[in-house]
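Each remark here refers to the structure printed beneath this line.
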Amino acid sequence: MPTNWENSLQSFLLKDKFIEDEQWLYAKEIQKEEGERIDRILLRLNFVKEEQIFKAFSQIFNIPYIKISEEKLDLAIVRKVSVKYATHHKIIPLREEKGTILIAVSDPLDIQLQDELRLLIGQNIKIYLANSKEIEEAIEEYYGIGADTMEDIARTQGTETIIHTATTAELAELEKKAEGDEASIIKFVNQLIVDAYHSRATDIHIEPFEGELRVRYRIDGVLHRISAPAAIKQFEAAIVSRIKIMAELNIAEKRLPQDGRIKLRLEEEEIDIRISTIPTIWGESVDLRILPRNRVLLGLEQLGVQESDLKNIEKLIKIPHGIVLVTGPTGSGKTTTLYACLNKINSQEKMIVTIEDPVEYQLGGINQIQVKPKIGLTFAEGLRSILRQDPNIIMVGEIRDPETAEIAIRASLTGHLVFSTLHTNDACGAITRLIDMGIAPYLVSSSVEAALAQRLVRVLCPHCKIAYHPDQQILDEMEVNAANSQNLTIYRAAEDGCDHCNHMGYKRRTGIYELLMINDDIRRVILERGAVSTIREKGIALGMKTLRMDGWSKVLQGVTSLDEVLRVT
């Protein structure tokens, strides 16, 4: 091993033009003052990337540099080293080859660590270099999130202390120890929330079963199981109780569902977390819905609305009165679309009032009301009060009952523009849903101006998406009559993805839409109590694109995949 590795590092970085002479000299000046290693100074100053340093070290010390995501790890070998040791030293065993254990390390200069590992494992070892972030991700994947915390709790508390425990005294003791003691339930719950936030998850699901406690994140609308240590099951009751304490819920009540809210700050961003607990046969299942309070509000153009529908929506939001309905299942982006509309027409000349549950975006210049059913502030009661405020535009978060529907209809007929949402499968179903609620067809036909159905589909990763020719059978399922279908090229997600999309094949989501504009022909069908299929046929004849049609156009553009469109429609 070279005795003067710094000279070798300097030569390598300068030769490959990773740094300039001035940068090296500046880093050396700092080294004289602080005594820190030169590679760490270069990284701290952002003069080089970690990968460039590792490539240099690989050549200088003749140690292979690997990407852990491309390596095959053996779980039995990984666990030859405790999670606490692996996390502290940023190392991870990979596998065994011919009696030698292969180990990835992030610091090739730590010779003492390598000697320790030989003694700890009791076998020959071979060292590989790997990015510290990749090592951390591998530790989380193979040991499980918060495994070091679970390991410490088991050692310092003993497994029996917390199993099936949820007493106030014991949890208060855990609270007291939180700041100074790494081994805490509090630290584990914090790790879970922070990890979900970094993974862009919208929900954390903690689900109890007979022999395990399953943790899943919802990312881009799809659930992904998160690796968690087996010991997590032993601390199930304490974990649930900790979340309840944070949300100010009753930790003693395990027989009834409970709802609460946590407010916290993560990396300079304010986060609201809605908590929902339900009792199951194996314990309490918990859902944590993560709602960043300062989310960037997208414009209509960025939501994936096609040009023809965009022009119609822009006309709709400028009409003086009527109802515009947005429909779709929970989590399909309805509120985001409504806020994009409100943001477009928000001005000093208009009074806009919203009533929601919860308030998901905060918009300047708009009066926003949070529903509070416990004190009698329901959608219907709030809507009655809003009408006495002389608003121009009203947004009702959701029409849930006939009373709210009737007040919204009356408001639209007395000169207000009303936006709201309904849970229906398509745009045409919104019309029949109002009639099923008991609203007279003549009121529906005279007040509803349009219904917009939407779904969210995942966007293909542009770096790893794969081109292919679809089978005719798939095209038939999509009800697509594509000319020259054998020469048609569309894209699908790569099975293992890539680093850019966190190996998912997709990154972000966009919308697909179905806009039903209500004209005189459709009004006549509504007055005659026409079926959904009749309204749909009339709408298509007048130029309405169905959800699948819009989805297919985005497949042709290479934005999303056929699998995604079929999944959500």
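The values are calculated or read from the model by the stated rules, or taken from the named source; none is laboratory data. Note that the structure is a prediction, hence the values are computed from the model and not measured. In this analysis, Cβ positions are derived from the backbone assuming ideal geometry, glycine residues included, and neighbour counts consider all displayed protein chains. Accessible surface areas use protein heavy atoms only, side chains included; no ligands, DNA or RNA. Shrake-Rupley method; radii C 1.70, N 1.55, O 1.52, S 1.80 Å.
Hey, any hits in the stretch 266-277 for a residue that's of a type in the set (S, T, N, Q) and within 24 Å of Leu223 (Cα to Cα)?
Looking through the stretch 266-277, at least one residue is of a type in the set (S, T, N, Q) and within 24 Å of Leu223 (Cα to Cα).
Restricting the first residue to the stretch 536-550 and requiring it to be farther than 21 Å from Glu307 by Cβ, which pairs with a second residue that is open to solvent by less than 70 Å² (accessible area, probe 1.4 Å) and assigned to a helix (DSSP H, G or I) meet a Cβ separation below 7 Å and a spacing of at least six or different chains?
Qualifying pairs under 7 Å: Arg536/Cys428; Lys538/Asp521; Lys538/Ile522; Lys538/Val525.
Check whether at least one residue in the stretch 502-511 is closer than 24 Å to Ile431 by Cβ and either of a type in the set (A, V, I, L, M, F, W, C) or in a helix (DSSP H, G or I) (or both), and report yes or no.
No - not one qualifying residue is present in the stretch 502-511.
Could you list, in sequence order, all residues of the stretch 227-248 that are open to solvent by 20 Å² or more (accessible area, probe 1.4 Å) and in contact with an Asp or Glu (Cβ under 8 Å, 6 or more places away or on another chain)?
Hits for the stretch 227-248 are Ser227, Ala230, Ala231, Lys233, Ile245.
Quick check on the stretch 341-357. Is at least one of its residues open to solvent by 30 Å² or more (accessible area, probe 1.4 Å), of a type in the set (S, T, N, Q) and under 28 Å from the mean Cα position of the chain (by Cα)?
Yes, the stretch 341-357 contains at least one residue that is open to solvent by 30 Å² or more (accessible area, probe 1.4 Å), of a type in the set (S, T, N, Q) and under 28 Å from the mean Cα position of the chain (by Cα).
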